[in-house]
Amino acid sequence: MSILSLRGLRKNFGASEIICGVDLDFEAGEKHAIIGPNGAGKSTLFHLVSGKCAPSAGEIRFRGRAIGGLPPYRINRLGIARSFQVSNIFPRLSVYENIRCALFWTSGCGYSFWRLVDGQGALHDRTEQVLERIGLAGKAQVPAGAIAYSEQRALELGMAVAGDAELVLLDEPVAGMSRSEAENAVELIRKVTAGKTLVLVEHDMNIVFDLAERISVLVYGKIIASGTAEQIRADSRVREAYLGEACHA
Amino acid sequence: MPEILVFATLNGLVTGLLLFMLASGLTVIFSMMGVLNFAHASFYMLGAYFAYSISLWFGYWTGLIVAPLLVGALGALVERYGLRRVHQQGHVAELVFTFGLAFLIEEAVQFFWGPETRNYQAPELLDFPLFTLFGQEFSAYRGFMLAISMSIFLGLYHTLTRSRVGLVIQAAITHPQMTAQLGHNVPLIFTMVFGVGTALAGLAGVIAGPVLTTFPGMALGLGSIVFVIVVIGGLGSLQGALLASLLIGLLQSYAIAADVGVPDLLAMLGVEFPGDHPLDDLWTLHLAQVAPVLPFLLLVLVLVFRPKGLLGKRE
Amino acid sequence: MSKTLKAKAGLWGGYLAVLLLLPQCFDSLLAISILNQMTIAIIFALSYNMLLGQGGMLSFGHAVYFGLGGFLAVHALLLMERGSASFPIVFIPLLGGLTGLLAGVFVGSFSTRKAGTTFAMISLGIGELVAASSLILARFFGGEAGISGDRTFGPPLFGIEFLRDVEIYYLGAGWTFLATLCMYLFTRTPAGRMANAVRDNPERAEFIGYSARWVRFISFCAAGAFAGIAGGLFALNYEFLTDENLNLATSGRVLLMAYIGGLGFFIGPIIGAVLLTLMNFLLSNYTELWLLYLGIVFVLTVLFLPRGCAGFVMMHESAWRRGTLHLLALPYLLTGLPALLFVLAAVCLAELSHATGPTLHYLGLSLARDSALAWAGPALLAAVGWILTARSLPRLREAWERANAAEPERRT
């Protein structure tokens, strides 16, 4: 049973159509990469699923429930978490606070203003665990805006997975990292998303082939191929697209 | 009735175009830098005071030319050494800075010119009735104000649509980042626009000072109104600012001229309310009383229901 | 009890002790009146910080909630005077708080959709609307003259009738302590923590399950409620309110207090409230230029100390932890003394130009307005002070860099 399914999904900004009819299914527990040339609409696809923008037409179903057009916080509460291409954190809060905030909702804190957070042992332990896993335990009290770029990327990842969402969307998680940093990041992603459904957008093919079990290729707002790494490597249309020839199939 | 209508329209037009002289500068500054200049009306006040002091020594006409230039230079300095510094801290800090500046300018005016009203007079040359209609006089000075603000509007329109500088500014209004990427010296344009915008505000002060009286509180009342106009007109739209200026000018003028109120309405409906009641004030309300409230009501309604403003292109 | 918890409890105990002991040390009528104003200002400024410092919402209309709370409180006093109601006046601030809360719920329901400029403009519009309406609705607000009540008609509580100002002070101090504690605890709740997060990055907050608007709304309502409590206390203290208590001037003053004290730091607004109230009393008696000085101080704060007094102190935290604070002492002295000289001389010139009599008494000196020396002396001192300050600045900057660049001292 697929955890997330897209049917006839379309999105246009004014006259230009960015996503033009995407049908795609994501199986529970799989690691799925979406690749494609620049401007293919990969980030827009993420924005639609995560609620940053509403689809113009079509359907998005998460565990059978239609979520297209819901505000981001509702979608997040249902169990979809995401990271961003550019570090998107709370710069003036400490690293510890960043992670703890990401844990609030799933810990049942809600909007309560009658309960203190400092005395909650379970919340503290979970925060420490996440910090440990992303390797930032030593910088817990440093303001998030003051740590190194690769550390901010790790924090970003930590915030995405902290809430134990079933489906995690990662938008170019290793963009702007050096080779060795990227390798560490891949290990980290593997570790923290174990047992979850992972959908990732990435340009670096090594990482895609390393992490993903299934790959879908998005070109000009359409999925032109979907399959295992071998199938994608062998696909003639994919080659064509990556050689720079527009494919208007 | 027709004479009231004609004069209310003329007065509304004068006020509206005067407001536009302030609003045009503010809109361009707001659209380009994203900062609403709280102190904009303070520059208007400075214009009036500078012109007053100059007129004591060299007469009205020298003040008309020199005072706006002085105000503009001061505005450019404020942008270069004040605003640019707080710019890195974001829009909230900028807004707080201009708020502080408005506060400071009001106190500084009191320091140099004292708290009392200054006797800033229209030139004798224009001290005659331009025409008499239905037995009421329309002074030549008001006609002069109308002419100046009209020509400023036309000049501004021409500059912005026809000249190269105008095109760059237009581009910077709607697409500030893109314009910077195209290699235009955006900081310099900012300083320039700020200087010209405040000079226009100063000019408005010079010509309005003799009519609306020159006193330290003159900025406060007008300042919020100009804000309202820019927001209602819409970000990035000079036409919107013009429309909103005339709208507010006429609205206030008509509201004051039309001597109607809730009692008239109630009388028309044949309803009568008890005379002594805690809510007495509500059904003895007159339109003239409500006139100062209307712009702010409009502001809140526009911000809540149409944040883009009337003709705005961005939110 | 853990160590930090003990330290915190100690801090709060100290705060309460200071509040209670102050009227023992300063018991003149004037001092009590200043202290009363201080407690009101503390609550009001802290409530403003909930908006701007913690929630990132710049408001130009916070006086609305203060004023409405105050007006309702005066009306409650009037009801008691007429005998239509009777309850101990200790609860009047609570009534003010409820009024502020209700007004906050109403305005917040449409104004918290966005922060930034939009929010600031709506707050300005609401502020002007309410201020202008208060003049129209003369029955309730008393028009230009305002309304006044009498706090002595309430039933006495434990034999206290609140006739004397010092009794009102203790009432106010109690409410101040309670309100400060509540506002501090609010910052430690999920809603308070998320207010900080939304201030920093509203978009991200939405992707971890929180509606930025709802988070802002909660802070906004709470800020309105506490401002209303301050307004209620104001009503009890002065027994008199006018339209000025809810217009832009009051909204601006609380912005100044919170900003100069230091936004974002919990203690900042308290510092600002105490400092500005004190300065207001001390200086406004001596000089009519006090507001000009305040304006200059405010603009300089925005330009050079964006985090206010509290921020200035906190800037030294890293040097203090490194144990290099002593490196700064001499450079500070070398810059501070000439700067002080400049300020004193400049103020002298300003005062001289506005002196009412033929002579100005300034710092123990008697300066004649018509003597050239009285003008030339301060002018010369100001010039010297300015030059010396400017010259010492590079040295201060260098010392600052040295104090903050040094390796932190190892702790064993």
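Facing chain A (nearest Cβ under 8 Å) and within 19 Å of the chain's Cα centre (by Cα): does that describe C:A222? The answer is yes for C:A222.
Looking across the stretch C:295-321, the residues that are in a helix (DSSP H, G or I) and either among the polar types (S, T, N, Q) or facing chain B (nearest Cβ under 8 Å) (or both) come down to C:G295, C:I296, C:F298, C:V299, C:T301, C:V302, C:L303, C:S318.
Residues of the stretch C:146-165 that are more than 24 Å from the chain's Cα centre (by Cα), surrounded by fewer than 22 Cβ atoms within 10 Å (Cβ to Cβ) and not in a loop (DSSP other than H, G, I, E, B): C:I147, C:S148, C:T152, C:F153, C:L157, C:I160.
For the stretch C:190-206, what are the residues that are under 24 Å from the mean Cα position of the chain (by Cα), basic (K, R) and within 7 Å of chain A (Cβ to nearest Cβ)? Of everything in the stretch C:190-206, just one residue is under 24 Å from the mean Cα position of the chain (by Cα), basic (K, R) and within 7 Å of chain A (Cβ to nearest Cβ), namely C:R193.
Okay, residues lined up against (1) surrounded by 15 or more Cβ atoms within 10 Å (Cβ to Cβ); (2) more than 33 Å from the chain's Cα centre (by Cα); (3) in a helix (DSSP H, G or I); (4) without any contact (Cβ under 8 Å) to a residue 60 or more places away in the chain:
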| residue | (1), (2), (3), (4) |
| --- | --- |
| C:P331 | yes, no, yes, no |
| C:L341 | yes, no, yes, yes |
| C:A374 | yes, yes, yes, yes |
| C:L380 | no, yes, yes, yes |
| C:A383 | no, yes, yes, yes |
| C:I387 | no, yes, yes, yes |
| C:S392 | yes, no, yes, no |
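Hey, among the residues in the stretch C:166-181 that are in contact with a Phe, Trp or Tyr (Cβ under 8 Å, 6 or more places away or on another chain) and under 14 Å from C:I270 (Cβ atoms), which one's surrounded by the fewest Cβ atoms within 10 Å (Cβ to Cβ)? Walk me through it before giving the result.
Residues of the stretch C:166-181 in contact with a Phe, Trp or Tyr (Cβ under 8 Å, 6 or more places away or on another chain): C:168, C:171, C:177, C:179-181.
Filter once more, so that each one left must be under 14 Å from C:I270 (Cβ atoms): C:177, C:179-181.
Working: C:F177: 18, C:A179: 23, C:T180: 23, C:L181: 13.
That would be C:L181.
Please tell me if A:W105 is free of Cβ contacts under 8 Å to residues at least 60 places away in the same chain and touching a Lys or Arg at 6+ places or on another chain (Cβ under 8 Å). Give the derivation first.
Details: free of Cβ contacts under 8 Å to residues at least 60 places away in the same chain: yes; touching a Lys or Arg at 6+ places or on another chain (Cβ under 8 Å): yes.
Here the answer is yes, as A:W105 does meet what is asked.
Conditions (1) surrounded by fewer than 24 Cβ atoms within 10 Å (Cβ to Cβ); (2) in a helix (DSSP H, G or I); (3) more than 7 Å from chain B (Cβ to nearest Cβ); (4) in contact with a Leu (Cβ under 6 Å, 6 or more places away or on another chain), marked per residue:
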position	(1), (2), (3), (4)
C:F106	yes, yes, yes, no
C:F110	yes, yes, no, no
C:K114	yes, no, yes, no
C:E128	no, yes, no, no
C:A132	yes, yes, no, no
C:E144	yes, yes, yes, no
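Just one of the numbered conditions (1) loosely packed, with under 15 Cβ neighbours inside 10 Å; (2) touching a strand residue (DSSP E or B) at 6+ places or on another chain (Cβ under 9 Å); (3) within 14 Å of another protein chain (Cβ to nearest Cβ) is not true of A:G64: (3). Yes or no: the stretch B:96-104 includes at least one residue that is surrounded by fewer than 24 Cβ atoms within 10 Å (Cβ to Cβ) and not in a helix (DSSP H, G or I). Looking for residues that are surrounded by fewer than 24 Cβ atoms within 10 Å (Cβ to Cβ) and not in a helix (DSSP H, G or I), one finds none in the stretch B:96-104, hence no. Filtered by the rule that a residue be surrounded by fewer than 24 Cβ atoms within 10 Å (Cβ to Cβ) and aromatic (F, W, Y), the stretch C:182-211 gives C:Y184, C:F186. The residues of the stretch C:252-271 that are surrounded by 24 or more Cβ atoms within 10 Å (Cβ to Cβ) and either among the hydroxyl-bearing types (S, T, Y) or farther than 17 Å from C:A63 by Cα (or both), listed by number, are C:Y259, C:I260, C:G261, C:G262, C:L263, C:G268, C:I270.
Answer with yes or no whether C:V274 is β-branched (V, I, T), within 28 Å of the chain's Cα centre (by Cα) and more than 14 Å from every other protein chain (Cβ to nearest Cβ). Show your work before the answer.
Working: β-branched (V, I, T): yes; within 28 Å of the chain's Cα centre (by Cα): yes; more than 14 Å from every other protein chain (Cβ to nearest Cβ): yes.
Against the criterion (β-branched (V, I, T), within 28 Å of the chain's Cα centre (by Cα) and more than 14 Å from every other protein chain (Cβ to nearest Cβ)), C:V274 qualifies.
FYI, it's all coordinate maths here, none of it is from the lab. This is a predicted model, so every value here is computed, not measured. Cβ coordinates were reconstructed from backbone atoms using ideal geometry, including for glycine residues, and neighbour counts include every protein chain displayed.
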